[in-house]
1. Output the number of the condition that residue 225 fails; it satisfies all remaining conditions of (1) farther than 24 Å from residue 92 by Cβ; (2) in contact with a Phe, Trp or Tyr (Cβ under 7 Å, 6 or more places away or on another chain).
2. If you check 108, 101, which single one turns out to be small (Gly, Ala, Ser), at pLDDT 60 or above, in a helix (DSSP H, G or I) and in contact with a Leu (Cβ under 6 Å, 6 or more places away or on another chain)?
3. Quick one: would you say residue 148 is touching a Lys or Arg at 6+ places or on another chain (Cβ under 8 Å), β-branched (Val, Ile, Thr) and either at pLDDT below 90 or not in a helix (DSSP H, G or I) (or both)?
4. Taking the condition exposed (fewer than 13 other Cβ atoms within 10 Å of the Cβ) and either part of a helix (DSSP H, G or I) or in contact with a Ser or Thr (Cβ under 6 Å, 6 or more places away or on another chain) (or both), does residue 214 pass?
5. Specify which of the listed residues (204, 222, 208) is charged (D, E, K, R) and either over 21 Å from residue 140 (Cα atoms) or within 15 Å of the chain's Cα centre (by Cα) (or both).
6. Can you confirm whether residue 57 is in contact with a strand residue (DSSP E or B) (Cβ under 7 Å, 6 or more places away or on another chain), at pLDDT below 75 and not in a loop (DSSP other than H, G, I, E, B)?
Amino acid sequence: MHLLVKPPLQEGTIKEEKISIVSEYREIGRLLKASKEVEDVVKSLEDVRNSVEDPMLENSSGTGKSQMAFNLEANGAFEVFYMPCTTSNDSRQRVYEPFKSRQLAFVSCMKNDIDSLDTTNDDRSDDRQLKHLNSSEFEGSVSDFDGTDKKPLSVYAFIIAALSGAGTCIGNAVRQDVAAARDQRIRDKKQPMLFFLDEFPRLREDNRTLVRSILNVFRSLRLPLILSATNGTARKLFTGSDYSRVSRVPW
């Protein structure tokens, strides 16, 4: 499991006492790696790897949801990229602290990309009619990300850093670059990368696009993903929208 993807142009290290916290989780993971619960999750992941559906762990706090990431890592079927989706000052679980820089880097990438993709408030044109015709509202759906084939995004560079095991994330990349990094892992005979998003945020009106984007950027790339959440509203993330005449579009 990679401990850190650093924000662009920022250097940092993880102090030893923080590493020891992660070691405790890893030790428990080695004890539980072959448990029925872990094997069931692995089977579910294998069953949905080629779809846009993803397992979600929903339960109350203190029931081992965060620990499951390290259990899966020890199991060995996947290489686990653990990332808490908490606020930067959330200290409810000690395991969040070593991954704070990673979480901040990812959210920063995501917010920058949302701003660049949502052109409804673009003031670069003085022609109102032309501005309206060229504008589009970015909602963070799977189809929104599917339509960014040639658009360089910082979140794609972040995901490539995760897939390649790099310690830094700088600049932008396009979707084809992510596919190339994923294919390289296959050629190198590495285990599939599993992205484990812990404490997935509660859906609110003011964070709707960000929450959708965090989920759907991984779904659009068909990357194995687990959401861990304590709030029941996370279930809404797995509904669809009737935009298509043929089938429902993932939310």
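The values are calculated or read from the model by the stated rules, or taken from the named source; none is laboratory data. Since this is a predicted model, take the numbers as computed values, not measurements. Quick reminder, even Gly has a Cβ in these numbers, built from the backbone with ideal geometry, and neighbours come from all protein chains shown.
1. Here residue 225 meets the rest and fails (1).
2. Values: 108 fails: in contact with a Leu (Cβ under 6 Å, 6 or more places away or on another chain).
Being small (Gly, Ala, Ser), at pLDDT 60 or above, in a helix (DSSP H, G or I) and in contact with a Leu (Cβ under 6 Å, 6 or more places away or on another chain) holds for just one of 108, 101, which is 101.
3. Values: touching a Lys or Arg at 6+ places or on another chain (Cβ under 8 Å): yes; β-branched (Val, Ile, Thr): yes; either at pLDDT below 90 or not in a helix (DSSP H, G or I) (or both): yes.
So residue 148 fits the description; yes.
4. Working: exposed (fewer than 13 other Cβ atoms within 10 Å of the Cβ): no; either part of a helix (DSSP H, G or I) or in contact with a Ser or Thr (Cβ under 6 Å, 6 or more places away or on another chain) (or both): yes.
Against the criterion (exposed (fewer than 13 other Cβ atoms within 10 Å of the Cβ) and either part of a helix (DSSP H, G or I) or in contact with a Ser or Thr (Cβ under 6 Å, 6 or more places away or on another chain) (or both)), residue 214 does not qualify.
5. Details: 204 fails: either over 21 Å from residue 140 (Cα atoms) or within 15 Å of the chain's Cα centre (by Cα) (or both); 208 fails: either over 21 Å from residue 140 (Cα atoms) or within 15 Å of the chain's Cα centre (by Cα) (or both).
When all the criteria are applied, what remains is 222.
6. Numbers: in contact with a strand residue (DSSP E or B) (Cβ under 7 Å, 6 or more places away or on another chain): yes; at pLDDT below 75: yes; not in a loop (DSSP other than H, G, I, E, B): yes.
Here the answer is yes, as residue 57 does meet what is asked.
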